[in-house]
Amino acid sequence: MTTLAEAPLPTDRCVRVWFGEHVIAEYTAEPETAMRYQAAMTRRFASLRVTIEPAVADADLS
């Protein structure tokens, strides 16, 4: 996966496209842009699960 140059803002959202239990695409952006991306990925990958949730900085995962 790619590393973000900047930590996400508290309002940012993370969109993930899942193939089973594996994330095959991940995108973090402001809420409006993330919602458009989620809609596009849902249309493009109709048979896969696409989630959107609050973005979390890597430092918060420890």
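Rule-based calculations on the coordinates, nothing more; no lab input. Given the structure is predicted, the values throughout are model-derived calculations rather than measurements. Note that we place each Cβ from the backbone using ideal geometry, even for glycine, and neighbour counts take in every protein chain shown.
Using the average count of surrounding beta-carbon atoms within 10 Å as a protection proxy, the listed peptides 33-43, 19-29 rank, highest first, as 33-43, 19-29.
Compute the Cα gyration tensor for segment 10-54, then decide on rounded, prolate or oblate, letting a ≥ b ≥ c be the square roots of its eigenvalues: rounded whenever a/c is under 1.5, prolate when a/b is larger than b/c in the other cases, and oblate in all that remain. It is oblate, given that a/c is not under 1.5 and a/b is not larger than b/c. If the segment from His22 to Glu53 were pulled out straight at 0.36 nm per residue, it would be longer than the present Cα-Cα gap by 9.5 nm.
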